[in-house]
Structure formats: structure tokens, C-alpha cells
Amino acid sequence: MENLNAIFARVREEFPALTQKVHGKKLSYLDSGATTLKPRSVIDRITHFYSYETSNVHRGAHYLGDVATQGFEGARHSVAKFLNASSSDEIIFVRGTTEGVNLVAQTWGHVGLKAGDEILITEMEHHGNIVPWQMLAEQVGAKVVAAGILENGELDLEDFKKKLSSKTKIVAFTASSNVLGTNTDMKLLTRLAHDAGAKVLIDGAQIVSQISVDVQDIDCDFFVFSAHKLFGPFGFGAVFGKKALLEQMPPYQGGGSMIAKVTIEKTTYNDVPFRFEAGTPHVEGAVGLHAAIDFVHRIGFDKIHAYEMDLLKYATEKLLAIPDVKIYGMAANKGPIVSFNIKGAHHSDVGQILDQEGVAVRAGHHCTQPLMARLGVPGTVRASLSVYNNHDDIDALVKAVAKAREMLL
Ligand code: PMP
């Protein structure tokens, strides 16, 4: 552990945001589930792009256009490798997880679903993996069904199997809950869905910073994630889709770049994946994501996982030692997230006191209102950990929670 602590102390130094104080206190940033801080290498890559490479892509007009295009397509190649997709053609660039789910719902959804069909999700989904399916269901006359969770926050596998039927045409589930921390068994759920004849979309928003993902091994049909939760820029993300499926899907939005030929009467469309990327893309988002992928690979997921699991264990034990603290989500396989409440205190009041102590957490429903209803609470306080956190951050959290308890109870 000594060795890991030394490695991650150096990683921490790569994050300029952590050099500042908030409310006169040292910043303990424990809100990485909402967005991760950005390392210097990602910030520098984006600055370099704007300083020296600014140009539109895919135009082939001049030298800088080629540089920008190479940066953009290089990023697609890097994402394909990152997810172990079989080719870059299987990677569509989008604004993030939410847009990725909407893209699949509004394209594949209209060829893959008809009235009477079902979409199976889980009770722990983020609104971004619920609402797009409800909108599709309303459009085609299908129904959204949700598999339940167990008391410890794990997916209720029996309920999942019970709700999976020949009516189910797509199963959309999170790889890692942004509230409970629960990591689902992506490979098993995918196999069960395929056995029932359904396609699979995985919400990868919270998993991509934790472990290395292999979409070919999982065999999922679609996988979506956001760059900003992986040390990359806002407003950018990717959809992986199996090429054979992407080729059957109608376009998402119309406009420049997604076309082969346009006449006033009719348009023919570009090949996959460009067919799904209308308009000028978020080029600096792509090169920033490429730098973020290089950043995590430089550290290595084996080390990241080991370090984050140590932090999670430390945080869980310390928080549970405070009287009246209740943790939501104690799954055996968990990401580095601890959601909790102080019994008798409102989550927002706790969050505010923590903020005054320089401890940045999220307090609220975390865009998971159905899960809050299932847990029977209006919200929770969520501490989410990442590579730049250390035991001092957790000690600051614990001290602030103990103080909040004294002030509020
Ligand atoms: N799913 C999960 C599990 C998430 O944690 C989030 C972000 N909180 C989203 C989906 C939505 O991601 P984005 O807002 O980047 O589109």
C-alpha cells in the first residue's frame, strides 16, 4: 500500500484544482461521481488544440484541417481501443451518456421496437437511462419495466430474470450505480438478455474510470459513456454500437457531414459512424478525451482499482463508526462511492455544513428519483472518490460529518 500511496500522491499533483482553498479550508473534492477534476495533461492538450490546431474537420481543405481531422479521428481510434471495440467504425461521438442513450432510443428504438414490446431497465438507473426509454415507449406504444434491487443495493437477479421475457426487446442497465456504487455483472446480464432475444445497452458513465471495459468480451450491443467523468472535457462522450446494428439504424439528426448526397428532393446518407454525427463536431472534446484515456492508461487500471478500493474501505469504516450514519448500498462489488444520511438530519443541511468545511460532496436525489422512492428517502449525501483523493480527504469528510451531526441533531 505504501507504494500505491506514493504513486497516487504524485497523481494528485497533476490536478491544479486541488491547489486551491475553498471557504479558507483545504479542498477535499469528493464529487467525482458528478464530474472528475481534470489533470494538467488534458488541460494542456485542449489549450494546445485551440492555440495551434484550430480548424474544422473532414474538409481536407488545408494543412490545419488535416491536423484537426487526424486529432479527431485519432481520438475515435483511441476510444475504440479503450473499449476494445473491433473497429473505429463502431464509435459514434456524442455530447455524453445522456445523448448516447437518446441516440440509441431514437434510432435503433424505432426499428427494434413495436407496440406491446418491453424495455427492461433497473430501479437504480440514472434519469438519463430512464427518460429516453419512456419517451420512446410513448412514441411506439411499448412499456418500460424495471427490475428491483435488494436491501444491500445489489440488483435483484431473480426479479431481473422474472421481468425478462419474449416481449423484452432491449435491456438498458447501468454498469455502476451513481448512488449505491453497485457494480452490475455486465457479462451475465448481457447473456441473459441475449438468451431472451433482447439487445443490450450499458450505461457506462460511472464504470469507465474504475476498470477497463471490453465490449467484445461483454458482448453488449451498445455501450455509452461521458468524457467528463473520465478526467476529460464536458459536453463530449461516445456510443459504442455493433457495426451490423449501426448499419440498420436510421440517422439521428440531419445536417452537414452525415450525408452522402443532397438534392432538394432527397438525401442519401454517409457511412457509419458519420451518419450519426451531423454538423461541426466537438473537436477539442475528442482530443481532450484522447488525452484523458492516455492519462488513465499511464497509471493503469489495476493500480487505480486497488487504490480506489482501499479508499472506499477506509471511508466506509470511518463513516459507519459515526453514530446515526446510515450508508445506502453495501454491494460486494462496488465502485468508490458512499451514499449516506445522518438519521434525523436533512441531506441538504449536511451537504452545506460539509461545504463550509471545504468538503465537496453532492446532496440530493442524484438524478435517480425512482431509486430514492425505493430507498424511501428524498435524497442522500454522496461522497465519490477518485485517483486524486487520499486518506486526509476522508478524514476531513468524517470530521465534517461528525460536526454536522452535532450541529443538526
Ligand atoms: N448515468 C449515470 C450512472 C451517471 O452517473 C450519469 C451522470 N451523473 C449519467 C448517466 C448522465 O451522464 P451525463 O450527464 O454526462 O450525460
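Observations on the structure shown:
- The chain: calculated mean residue ellipticity at 222 nm from DSSP helix runs of at least 4, using -39500 (n - 2.57): -12000 deg cm²/dmol
- Between 0 and 90°, nearest 10: helix 301-320 axis offset from the chain longest Cα axis: 40 degrees
- Positive contributions from Lys and Arg (+1) and negative ones from Asp and Glu (-1), summed over other residues with Cβ under 15 Å from the Cβ of K343, come out at -1.
- Between I264 and D185, the FRET efficiency from the beta-carbon distance, with R0 = 56 Å, is close to 0.60.
- For the chain, the Kirkwood estimate of hydrodynamic radius, built from reciprocal distances between every pair of different alpha carbons, is 22.2 Å.
- In this structure the range 44-297 gives 40 Å² per residue of accessible area when probed at 1.4 Å with all protein chains present.
- With bins 5 Å wide beginning at 0, the percent of Cα pairs of the range 38-99 falling in each bin runs 4, 16, 18, 23, 23, 13, 3.
- Degrees between helix 63-83 axis and first principal axis of the chain (Cα, 0 to 90, nearest 10): 60 degrees
- Expressed as a whole percent, the accessible area of the chain that falls on carbon and sulfur atoms is 52 (1.4 Å probe).
- Taking a Cβ cut-off of under 11 Å around D44, the surrounding Lys, Arg, Asp and Glu residues balance to a net charge of +2, with basic ones at +1 and acidic ones at -1.
- Modelled label reach - D349, point 7 Å along Cα→Cβ, the range 313-328 residues with backbone N closer than 18 Å: 323-326
- Calculated FRET value between D156 and M309, using beta carbons and R₀ = 30 Å, to 0.05: 0.80
- Between S51 and Q369, the contour length at 0.36 nm per residue exceeds the alpha carbon distance by 110.2 nm.
- Shown is the FRET efficiency for A115 and S212, computed with R0 = 45 Å from the Cβ-Cβ distance and rounded to the nearest 0.05: 0.65.
- Tilt relative to the chain, helix 186-195 - C-alpha long axis, 0 to 90 degrees, to 10: 50 degrees
- Taken over the range 1-117, the ratio of Cα radius of gyration to 2.2 N^0.38 Å equals 1.50.
- A crude spin-label estimate for the pair D294 and R10, with each label 7 Å from Cα along the Cβ direction, gives 1.8 nm.
- Per-peptide packing, taken as the mean over residues of other Cβ atoms within 10 Å, places 100-112, 344-356, 79-91 in the sequence 100-112, 79-91, 344-356 from highest down.
- The chain - share of DSSP beta bridges that are antiparallel (%, nearest 5): 60 percent
- Alpha-carbon centroids, the range 276-324 and the range 341-409: separation in whole Å: 20 Å
The values are calculated or read from the model by the stated rules, or taken from the named source; none is laboratory data. No experiment lies behind these values; they were computed from the predicted model shown. All Cβ positions, glycine included, derive from the backbone under ideal geometry; neighbour counts span all protein chains shown. Remember, those area values only see protein heavy atoms, side chains included, never the ligands or the DNA or RNA. Shrake-Rupley method; radii C 1.70, N 1.55, O 1.52, S 1.80 Å.
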